[in-house]
Amino acid sequence: MSRPSEQMEANVKSEALELPGVRVATGGPPSPLRRRIRWGETAIQGFLFVCGAVSILTTVGIVFVLGRESLLFFANPEVHLSEFFGSTTWQPAIGLFGIWPLVTATLITSSIAMLVALPLGLAVAIYLSEYASDKARSVLKPLMEILAGVPTVVYGYFALTFMTPLLRSIFGSDLVQIYNTASAGIVIGILIIPLVSSMAEDALRAVPDSLRQAAYGLGATKLETAVRVVLPAALSGVTAAFIVAISRAVGETMVVAIAAGAGPNFTFNPFNAAETMTGHIVRISGGDLSYDSIDYNSIFAIGLLLFVMTLLLNVVSQWLVGRFREEYE
């Protein structure tokens with residue numbers, strides 16, 4: 001006589017076998033599981049791999065071209081590394097290859113741009129993250145994106161036709177030259193405000209609301225919560241935004257090519273005309289010089305140095321982000 005549980009199991013199996021499309025294993029070794037190939041997912045994975053490989057190969061190709069052409073420049077017997085990094089006169093046509101006039105002009109414009117963009121961009125980010133309503137944020141953030149979409153050549157002529165006359169009316173025409181690095185730096189700062197504010201606002205909004213509620217529970221005001229709680233918690237993201245903005249300012253071309261000046265000038269006066277590294281590359285590569293001349297080959301050495309500067313900024317950014325990263329669960 002069978003047990004009740006065994007009889008019940010047999011009844012269930014017999015009923016399941018009678019159902020159409022239902023298959024129940026009644027004994028024997030289990031069938032091995034086989035992996036099913038999803039062709040759509042495999043195609044997407046392959047496409048993403050190709051995109052990543054193209055990006056890496058493009059970067060490698062840029063570095064290869066810059067390095068090869070720079071070696072041709074430094075292989076010239078007239079060029080010496082000691083003069084390149086130790087002299088303050090850049091006139092390749094007469095055999096003077098001191099890079100510092102171009103570097104100092106680049107650093108001056110970038111520093112002025114940071115003085116404008118970082119505090120204003122961070123203030124905008126704090127307002128959008130902590131103070132603005134959802135309706136206000138939905139209106140203001142697209143407006144900031146429109147500002148970021150304006151062509152840089154328009155910013156260049158804005159610096160030349162508006163910012164320079166404004167500076168000359170404030171500080172005097174004798175002090176401020178028509179072409180100067182101050183107006184170019186200020187307008188570059190205006191140009192990158194949307195970049196700073198957007199990235200910093202994303203970092204601030206990623207901070208959990210529990211930290212804000214805890215600060216409010218301890219009696220902190222909204223400003224104290226934003227500055228002393230939310231901002232330190234989002235420090236890694238804000239720092240990354242700052243470094244990316246600095247790299248963007250260093251690599252800006254059209255604004256400095258139009259408004260900063262068209263001749264190397266070793267000066268620390270922001271009201272004087274001076275040519276930046278990117279502005280010099282634009283002027284030299286405009287077609288006035290013959291290909292494979294020493295002047296033409298010099299732009300690749302300048303481009304390689306500019307690449308190294310931005311690479312160092314990105315390395316510092318990655319280190320700072322890793323150093324101050326906050327993880328929330």
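Nothing in this text is a laboratory measurement; each read-out follows from the coordinates by a stated rule. Only a predicted model underlies this, so the values are computations on that prediction, with no experimental measurement involved. When we count neighbours, we look across all protein chains shown, and the Cβ atoms used for this are built from the backbone with ideal geometry, even at glycine.
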TODO: Mind running the shape call on the stretch 103-157? Use the C-alpha gyration tensor, a ≥ b ≥ c as the square roots of the eigenvalues: rounded below 1.5 for a/c, prolate if a/b tops b/c, oblate otherwise.
DONE: oblate
- [ ] Would you please put 140-148, 276-284 in order of how densely packed they are, using the mean number of other Cβ atoms within 10 angstrom per residue and starting with the highest?
- [x] 276-284, 140-148
Open item on the list: Going by amide H atoms built from the backbone, whose H comes under 5 Å of the H on residue 96, apart from near neighbours?
Closed with: 91
- [ ] Evaluate the Debye formula for the stretch 153-283 with equal point scatterers sitting on the alpha carbons, no solvent, and hand back log10 of I(q)/I(0) at q = 0.17 Å⁻¹, in q order, two decimals.
- [x] -0.84
Task: Karplus 3J(HN,Hα) series, Hz, for the stretch 237-244 with 6.51 cos²θ - 1.76 cosθ + 1.60 (x for Gly, Pro) - done: x, 5, 4, 4, 4, 5, 5, 4
Task: Phi to ³J(HN,Hα) by Karplus 6.51 cos²θ - 1.76 cosθ + 1.60 over the stretch 173-178, Hz, x for Gly, Pro - done: 5, 6, 8, 9, 7, 4
- [ ] Pop the C-beta distance of residue 283 and residue 47 into the FRET formula with R0 = 30 Å and round what comes out to the nearest 0.05.
- [x] 0.15
Task: Surface/4 estimate of mean projected area, convex hull on alpha-carbon atoms of the stretch 48-156, nm² - done: 11.8
Task: Cβ crowding within 10 Å averaged over residues, with 123-131, 224-232 ranked highest first - done: 123-131, 224-232
Task: Cβ crowding within 10 Å averaged over residues, with 47-57, 101-111 ranked highest first - done: 101-111, 47-57
TODO: Write down the radius of gyration of the stretch 96-221 and its Dmax, each obtained from C-alpha positions, in Å.
DONE: 19.0, 66
